[in-house]
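Asks: Just dropping this structure here.
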Amino acid sequence: MTPLPVSAARARRLILDLQGLADPPHRRFGSGGPLELITRMGFVQVDSIQTVARAHHTILHSRNRTYRPAMLDRLLERDRSLFEHWTHDASVIPTALYPVWRHKFRREAAVLREKYRRWHGPDFEAETGPLLDLIAREGPVRARDLERRPARNPRGWWDWHAGKTALEFLWRTGELAITRRENFQKFYDLSRRVLPSGAFDNLPDAPAFIDWACRSALDRLGFGTAGEIAGYWNLVTTQEAAAWAKARLGREVVEASVAAADRDSRPRRLLARADLEARLAAAADPPAGLRLLSPFDPLVRDRKRLKHLFGFDYRIEIFVAEAQRQYGYYVFPLLEGDRMVGRIDMTADRSAGMLNVRKLWLEPGVRLGAGRRQALEGVLDRISRFADCRQVAYAVDWLSDL
């Protein structure tokens, strides 16, 4: 079959629509708005870094200006309509998907046990049973709580390493769930005390698990390779995704030739749903204004995909030595309409009530005219208030290279 040709512009529009970035950012969230958005996206990555605001909050705020962190806390800790677990990284996920994750727990338990033995030694395995008994009897614990327990053997039965490893293993394999966070520290409790009873019903069999993982990933990606489909949720292997697509090719799955933003680069041959043309036609145009994205935003996570469709070469440099960084420790991409127009380095000094803007880099061909400057100042004012800062402070030379 001849692949369906798709321009980079149409591809960008579809992706932005699927990821909630084509919605009007000023619309007011109803009571179910944040959950609806996260369900549409699939998950939101959680990260502890708070250079300005934590990644999960920034991701949601970039899509809706009326979002506030208390909304997410309520969904996680009161309504229990979200839970925390792993996709490609720690994430908040709709509780409606918990039966799928139960399949993941069973599937990965043996692999995780072997990894933890290799990484941390076998001591943690003896701690899992007593730890479950302790939590059942005394309630939720943090990793730091285990440090204060009396030692049971010369090595310290409740030493940090074994206790923390046991907690993480029991969480990763579904025996425990995160019931709440305080100052971003996780409190673990028995899963059946945290999650609603319906979350433990309807465990899918293996074929249904693979079909859901691939189908739902392609729904949210728009198009992708077998590796990208597998990597979206990180539930199945690339080989399983490839076999799933091959079995449906020409019926439920088609191939598309997706052009690059850089006209000199070759199109990518990607998999898509059979109704791709209808999806492309139905995708909404993104708002024309500026948006500031988290470095962990799903739109920028896949660097190869980002560069191909947006012509934007980006990486998070938190793990790069300072002398080798091209831009900075935690630099935020700037999205304008369907185009990446720059990146900005800034930090929130909450004690002084100040958002400190250090540097702005614009993409080639982008100029900071009066209209764009005004829009940028509006974005920075909003994010400063979101980060509990009273005002924005600009470095003297932050425009020096423009």
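Asks: For the stretch 85-142, what are the residues that are closer than 22 Å to residue 200 by Cα and not in a helix (DSSP H, G or I)?
Replies: 85, 86, 87, 90, 91, 92, 93, 94, 139, 140
Asks: Could we say that residue 87 is open to solvent by 20 Å² or more (accessible area, probe 1.4 Å) and of a type outside the set (Gly, Ala, Ser) here?
Replies: no
Asks: Among the residues of the stretch 186-219, which ones are among the basic types (Lys, Arg) and either in a helix (DSSP H, G or I) or touching a Cys at 6+ places or on another chain (Cβ under 6 Å) (or both)?
Replies: Once the filter is applied, which keeps residues that are among the basic types (Lys, Arg) and either in a helix (DSSP H, G or I) or touching a Cys at 6+ places or on another chain (Cβ under 6 Å) (or both), the stretch 186-219 yields 192, 193, 215.
Asks: Is there any pair with a first residue in the stretch 53-71 that is over 22 Å from residue 86 (Cβ atoms) and in a helix (DSSP H, G or I) and a second that is open to solvent by 10 Å² or more (accessible area, probe 1.4 Å) and not charged (D, E, K, R) whose Cβ atoms are under 6 Å apart and which are 6 or more apart or on different chains, and what are they?
Replies: Taking only residues 6 or more apart or on different chains, the pairs are 61/386.
Asks: Take residue 334 and tell me if it is touching a Gly at 6+ places or on another chain (Cβ under 6 Å), open to solvent by less than 40 Å² (accessible area, probe 1.4 Å) and among the hydrophobic types (A, V, I, L, M, F, W, C).
Replies: Yes; evaluated as a whole, the condition is true for this residue.
Asks: Further question: One residue is enough: does the stretch 294-301 have a residue meeting the conditions without any contact (Cβ under 8 Å) to a residue 40 or more places away in the chain and charged (D, E, K, R)? Steps first, answer last, please.
Replies: Initially, the stretch 294-301 is screened for residues without any contact (Cβ under 8 Å) to a residue 40 or more places away in the chain, giving 300.
Then drop every residue that is not charged (D, E, K, R), which leaves none.
No, the stretch 294-301 contains no residue that is without any contact (Cβ under 8 Å) to a residue 40 or more places away in the chain and charged (D, E, K, R).
Asks: Same structure, new question: Given the structure, is residue 192 closer than 29 Å to residue 16 by Cβ, modelled with pLDDT of 95 or more and surrounded by fewer than 18 Cβ atoms within 10 Å (Cβ to Cβ)?
Replies: Taking the combined requirement at face value, the residue does not satisfy it.
Asks: Of the conditions (1) more than 23 Å from residue 111 (Cβ to Cβ); (2) of a type in the set (A, V, I, L, M, F, W, C); (3) in contact (Cβ under 8 Å) with a residue 60 or more places away in the chain, residue 271 clears all except one; give me its number.
Replies: Condition (3) is where residue 271 drops out.
Asks: Just give me the residues in the stretch 274-293 being touching a strand residue (DSSP E or B) at 6+ places or on another chain (Cβ under 8 Å) and either without any contact (Cβ under 8 Å) to a residue 40 or more places away in the chain or small (Gly, Ala, Ser) (or both), in sequence order.
Replies: 274, 288, 289
The values are calculated or read from the model by the stated rules, or taken from the named source; none is laboratory data. Source: prediction; values computed, not measured. FYI the Cβ positions are ideal-geometry reconstructions off the backbone, even for glycines, and counts take in every protein chain you see. With ligands, DNA and RNA removed, areas are computed over all heavy atoms of the protein, side chains included. Shrake-Rupley method; radii C 1.70, N 1.55, O 1.52, S 1.80 Å.
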